[in-house]
Amino acid sequence: MSYNSFGHMFRVTTWGESHGPALGATVDGCPPGIALDEAFIQQFLDRRRPGQSSMTTQRQEPDQVRILSGVFEGQTTGTPIQLMIENTDQRSKDYGEIARQFRPGHADITYHQKYGLRDYRGGGRSSARETAARVAAGGVAQAVLRQLVPGLKITGYMVQMGVKQIDRSRFDADEILRNPFFIPDAAVVDEWADYLGAIRKAHSSVGALIEVVAEGCPPGLGAPIYAKMDTDLAAAMMSINAVKGVEIGEGMGAALLTGIENADEIVMGPEGPEYLSNHAGGILGGITTGQPIVVRFSVKPTSSILTPRRSINTAGEEVEVVTKGRHDPCVGIRAVPVAEAMMACVILDHLLLDRGQTGGVRGEIG
């Protein structure tokens, strides 16, 4: 198997390469009767689209999505939805020099070792360009969730870029879509821009830490042991290009807490159970609690840089590699809408799984 698909009931298969004629996704398992059109999906793609500021790659791709099947008269039919995004601004000549070289930090060498050949143009299938297809599929998931769980809201944002961290005391969700970094603090935008600009001028790149939160997710989604909500969320985020670490709720910080501090106490509220804290990140025993689901992940620095790096070529000879072309100095920026898309797909998948197993029945409390 080549493992280009994820999900169980709501299943997404992505296809295409960075410099091929097009890329896209096949979405299977979408319920019928959901209002959906290209304009709705496009709003999510526009947030991920390259070339919108000096802080991202200057590759100019409109990322216009086309729905080829599965929608009739503005509604989903319940059959597979085929989504396609054409590539229009490839510069394959930028990669001619690395056709027989392995870029340090890239998947070039592992793809060659596994398959015996690779598409060196922009990384081919290993390129972050593939995530455009995930965002399109995530748009479909968002359309379904808005109808089935109207109160659900998924929000992603950057909490750290290199040594720069947000001040959570100034957290302002309204600012996230007003700046190119997706950071919830207008006061530091210029500072972060200068910081990233200096890194770009030094022919280098920098990593980032992204947080994505789902508010209004109903309790009872997920399953013990092998179908945990946090298991699938972690796998989904880890599958995003350049992600090297994922944590749920308190995450790695839980190792510093005592049991007294970490246990989220529960009281009975007027509408049911209420939690006094959320160290668990909205998931207990793999099942959602109804609290906000909180996921964070780290994105490594972009490996495509102009500073020479030592490596080898396909003949085993030592070479010095300089990666030309147009690349993100911080690929974590455009990972924000990708994270939202992946969370939407996972939550919808578990919602449909739960309906199939329990029919939405819940244990009574009080």
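The values are calculated or read from the model by the stated rules, or taken from the named source; none is laboratory data. The structure displayed is predicted, hence computed values, not measured ones. No Cβ is skipped: glycine too gets one built from the backbone with ideal geometry, and neighbour counts run over all protein chains shown. Note: areas computed on protein heavy atoms with side chains; ligands, DNA, RNA excluded. Shrake-Rupley method; radii C 1.70, N 1.55, O 1.52, S 1.80 Å.
Of the listed requirements (1) closer than 30 Å to Gly285 by Cα; (2) surrounded by 18 or more Cβ atoms within 10 Å (Cβ to Cβ), Pro224 misses just one: (2).
For the range 180-285, list the strands (runs of 3 or more DSSP E) that sit wholly inside it and hold at least 1 residues that are under 18 Å from the mean Cα position of the chain (by Cα), under 24 Å from Asp167 (Cα atoms) and of a type outside the set (A, V, I, L, M, F, W, C); which are they?
Details: elements: 208-215, 243-248, 266-269, 272-275.
In the range 180-285, 208-215, 243-248 are the strands (runs of 3 or more DSSP E) which contain 1 or more residues that are under 18 Å from the mean Cα position of the chain (by Cα), under 24 Å from Asp167 (Cα atoms) and of a type outside the set (A, V, I, L, M, F, W, C).
Selection over the range 7-53 of residues that are among the aromatic types (Phe, Trp, Tyr) and open to solvent by 50 Å² or more (accessible area, probe 1.4 Å) gives a count of 1. Checked against (1) within 29 Å of Glu247 (Cα to Cα); (2) in contact with a Leu (Cβ under 7 Å, 6 or more places away or on another chain); (3) at pLDDT 95 or above, Gly138 meets all criteria but (2). Residue pairs whose Cβ atoms lie under 6 Å apart, separated by 6 or more positions or on different chains, with the first residue in the range 63-75 and closer than 23 Å to Arg48 by Cα and open to solvent by less than 100 Å² (accessible area, probe 1.4 Å) and the second assigned to a strand (DSSP E or B) and of a type in the set (A, V, I, L, M), are Asp63/Ile85; Val65/Leu83; Val65/Ile85; Leu68/Met84.
Counting only residues that are under 20 Å from Ser126 (Cα atoms), open to solvent by less than 50 Å² (accessible area, probe 1.4 Å), in contact with a Lys or Arg (Cβ under 8 Å, 6 or more places away or on another chain) and part of a loop (DSSP other than H, G, I, E, B), how many does the range 286-314 have? Total satisfying the criteria: 2.
Once the range 202-221 is narrowed to residues that are in contact with a Cys (Cβ under 9 Å, 6 or more places away or on another chain) and of a type outside the set (S, T, N, Q), the residue that is nearest to Met158 (Cα to Cα) is Ala208. Could you list, in sequence order, all residues of the range 168-184 that are surrounded by fewer than 16 Cβ atoms within 10 Å (Cβ to Cβ) and either free of Cβ contacts under 8 Å to residues at least 12 places away in the same chain or farther than 17 Å from Gln43 by Cα (or both)? Listed by number, the residues that qualify are Arg168, Ser169, Arg170, Phe171, Asp172, Ala173, Asp174, Arg178.
Does Thr79 qualify as being open to solvent by 60 Å² or more (accessible area, probe 1.4 Å), part of a loop (DSSP other than H, G, I, E, B), in contact with a strand residue (DSSP E or B) (Cβ under 9 Å, 6 or more places away or on another chain) and of a type outside the set (Lys, Arg)?
Details: open to solvent by 60 Å² or more (accessible area, probe 1.4 Å): yes; part of a loop (DSSP other than H, G, I, E, B): yes; in contact with a strand residue (DSSP E or B) (Cβ under 9 Å, 6 or more places away or on another chain): yes; of a type outside the set (Lys, Arg): yes.
Spelling it out, Thr79 is indeed open to solvent by 60 Å² or more (accessible area, probe 1.4 Å), part of a loop (DSSP other than H, G, I, E, B), in contact with a strand residue (DSSP E or B) (Cβ under 9 Å, 6 or more places away or on another chain) and of a type outside the set (Lys, Arg).
Contact annotation: residue pairs with Cβ atoms under 6 Å, 6 or more positions apart or on different chains, pairing a residue in the range 139-155 that is in contact (Cβ under 8 Å) with a residue 12 or more places away in the chain and within 16 Å of Ala39 (Cβ to Cβ) with a partner that is among the aromatic types (Phe, Trp, Tyr) and in a helix (DSSP H, G or I), are Gly139/Phe44; Ala143/Phe40. If we scan the range 343-366, do we find a residue that is in a loop (DSSP other than H, G, I, E, B), touching a residue at least 40 places away in the same chain (Cβ under 8 Å), open to solvent by less than 50 Å² (accessible area, probe 1.4 Å) and closer than 29 Å to Ala133 by Cα? No. The single condition among (1) open to solvent by 10 Å² or more (accessible area, probe 1.4 Å); (2) modelled with pLDDT of 95 or more that Val212 does not satisfy is (1).
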